[in-house]
Amino acid sequence: EVGMKPEDASRAKLFRGKGCKHCGDSGYRGRMAIYEVFDFSMSLKELVLRGATSIEIRRQAIQEGMRSLRESALAKVADGSTSLEEAMSLTLEN
């Protein structure tokens, strides 16, 4: 339902931050980046020059292999770096 790939979901070990005196009872300590990065290809340049909308540019970038912010966050969930709750609270699906 959240968009996690089945192979990632099957190996994910989900947890909920419990909290302690070391993390200020938040269940989390430190910071970790989630990000969207894509190669600005010739087709994306052409879209920009043509005056395409940000939605059109995003769709093309994803088609060319860009991993969305949500996908990046879900990868952190799958590898046990953060909780599903935290990943969902930090990302919005368009």
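Kindly establish whether Arg58 is basic (Lys, Arg), more than 30 Å from Arg16 (Cα to Cα) and touching a residue at least 12 places away in the same chain (Cβ under 8 Å). I'd like the intermediate steps shown before the answer.
On the way: basic (Lys, Arg): yes; more than 30 Å from Arg16 (Cα to Cα): yes; touching a residue at least 12 places away in the same chain (Cβ under 8 Å): yes.
Yes; evaluated as a whole, the condition is true for this residue.
Under the condition of being over 26 Å from Lys18 (Cβ atoms) and among the small types (Gly, Ala, Ser), the residues counted in segment 61-94 number 3. Only one entry of Ser81, Ser89, Ser72 meets the criterion of being within 18 Å of the chain's Cα centre (by Cα) and assigned to a loop (DSSP other than H, G, I, E, B), and that entry is Ser81.
Taking the numbered list (1) under 22 Å from Lys76 (Cα atoms); (2) outside any loop (DSSP other than H, G, I, E, B); (3) among the hydroxyl-bearing types (Ser, Thr, Tyr) in turn, Ser26 passes all entries but (2). A Cβ distance below 8 Å, combined with a sequence gap of six or more or placement on separate chains, defines the contacts here; from segment 34-47, residues that are under 10 Å from Arg67 (Cβ atoms) and touching a residue at least 24 places away in the same chain (Cβ under 8 Å) reach residues that are of a type outside the set (A, V, I, L, M, F, W, C) and open to solvent by 90 Å² or more (accessible area, probe 1.4 Å) in the pairs Glu36/Arg67; Val37/Arg67. Scanning segment 34-64 for residues that are of a type in the set (A, V, I, L, M) and either more than 17 Å from Met88 (Cβ to Cβ) or in contact with a Gly (Cβ under 9 Å, 6 or more places away or on another chain) (or both) gives Val37, Met42, Leu44, Leu47, Val48, Leu49, Ala52, Ile55, Ile57, Ala61, Ile62.
Could you please find all residues in segment 23-60 being open to solvent by 100 Å² or more (accessible area, probe 1.4 Å), more than 17 Å from the chain's Cα centre (by Cα) and under 18 Å from Glu86 (Cα atoms)? The answer is Asp25, Arg29.
The values are calculated or read from the model by the stated rules, or taken from the named source; none is laboratory data. In this text the structure is predicted, and so the values were computed from the model without any measurement. Note that we place each Cβ from the backbone using ideal geometry, even for glycine, and neighbour counts take in every protein chain shown. Protein only, heavy atoms only, side chains kept; ligands, DNA and RNA dropped before computing areas. Shrake-Rupley method; radii C 1.70, N 1.55, O 1.52, S 1.80 Å.
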